[in-house]
């Protein structure tokens, strides 16, 4: 195809640069006409008749009289020039049309192949594949997006209802980085991830510009609205808070070791821990780091992912170590400390400046006083709080090698508070808290 275009360009250059006489000679050498072909077009022209109907009468054209002005006399060079120009124009039209048709067929074929690949992927998993919904169906399910549940770095969530009456959470994604096939592959991977402490994916939407994930609905919302409340410990109670902490640990341990592919969440925080009707914690938004580009609030510079206050040092800077599942352990530890303190780990509005950064403050309470009496707790309550605090301090060690795995964290939860050693005092990482 490119060779035909090059030929047309050469012929065009000859037409534009050569003199009429030279053109006449050139055309006379080739032919007194021309033909142009394509798959759907055939063009032919001659300076003499190339088709004579049966029984046609021959016409004889007399020579022009001397009185005819020279400018109006048809000359062989003029006819040849016109023929050459027409030939070049025909060649260019044919080549351009052929290129456009080929490009169109390539696009159609590519899209068709992608569509077939997506359908094949879904068919391979049969009933295990998540159900695909159209955008119009999601609009009906959510009542034209009437009830907004929340918005995060990966998208906006609306409450919806399936045709069978079951409530769902519909998350519309933005800043997508994957094509259709990659998106479906990740969706299938998320669907295959099944654990009591991990949110279940029900279905998805894959349109030209709209992509969404449909999850099971969590009636009690996210953990953040409970632990930051003024009477959070009264609302949940320390026993329930402890159950939630261990449930999250089990869910993370499953993502790191138990599922088919090891998953690093990259954004463990109270906002991404959802609670069902019995306050069983379920980890949400796992697997989305591959699908989306997080917002600026998620500090996406240099490939960094996570939320301010929960980002492991090695995610922020490689000089601290290599990004791994230990990065999730760090985020979990920071969240655990916020659950104990009932506040953000960094809080500027405090009476005592020493209480500004909670990890330092609670470490001093445990190391110097050996208790959490300053929190005005009963003995049984303090036992739970002290265990959670010590585990949290181990998890936020600056060096990834010093942090426990989630399996080790679960073992620590099985021990009493007195059996747990306080980690060595290091400068806790708070550069971007």
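Quick notes
- Of the strands (runs of 3 or more DSSP E) entirely within the range 83-166, those holding at least 2 residues that are touching a helix residue (DSSP H, G or I) at 6+ places or on another chain (Cβ under 9 Å) and at pLDDT 65 or above occupy 131-133, 155-161.
- Selection status of residue 432, at pLDDT 90 or above and either surrounded by fewer than 20 Cβ atoms within 10 Å (Cβ to Cβ) or assigned to a helix (DSSP H, G or I) (or both): no
- Scanning the range 167-185 for residues that are within 14 Å of the chain's Cα centre (by Cα) and not in a helix (DSSP H, G or I) yields 171, 172, 173, 174, 175, 176, 177, 178, 179.
- Selection from the range 406-421 of residues that are part of a helix (DSSP H, G or I) and either in contact (Cβ under 8 Å) with a residue 40 or more places away in the chain or under 23 Å from residue 367 (Cβ atoms) (or both): 406, 407, 408, 409, 410, 411, 412, 413, 417, 418, 419
- Criterion: within 28 Å of residue 259 (Cβ to Cβ), modelled with pLDDT under 95 and assigned by TED's automatic domain parsing to the domain that holds residue 239 - qualifying residue of 409, 323: 323
- Only one of the numbered conditions (1) surrounded by 14 or more Cβ atoms within 10 Å (Cβ to Cβ); (2) modelled with pLDDT of 80 or more is violated by residue 294, and that is (2).
- Residue satisfying all of: in the range 366-384; touching a helix residue (DSSP H, G or I) at 6+ places or on another chain (Cβ under 6 Å) and at pLDDT 85 or above; nearest to residue 406 (Cα to Cα) among these: 384
- Criterion: over 24 Å from residue 404 (Cα atoms) and in the same structural domain as residue 147 (by TED's automatic domain parsing) - qualifying residue of 188, 234: 188
- Members of the range 151-177 found to be on the phi > 0 side of the Ramachandran plot and surrounded by fewer than 20 Cβ atoms within 10 Å (Cβ to Cβ), listed by number: 165, 175
- Here the condition is being assigned to a helix (DSSP H, G or I), under 25 Å from residue 158 (Cα atoms) and at pLDDT 90 or above; of 188, 248, it holds for 248 alone.
- Test set (1) touching a helix residue (DSSP H, G or I) at 6+ places or on another chain (Cβ under 8 Å); (2) in a strand (DSSP E or B) - residue 202 fails condition number: (1)
The values are calculated or read from the model by the stated rules, or taken from the named source; none is laboratory data. Note that the structure is a prediction, hence the values are computed from the model and not measured. For neighbour counting, all protein chains shown are included, and Cβ atoms are generated from backbone atoms with ideal geometry for every residue, glycine included.
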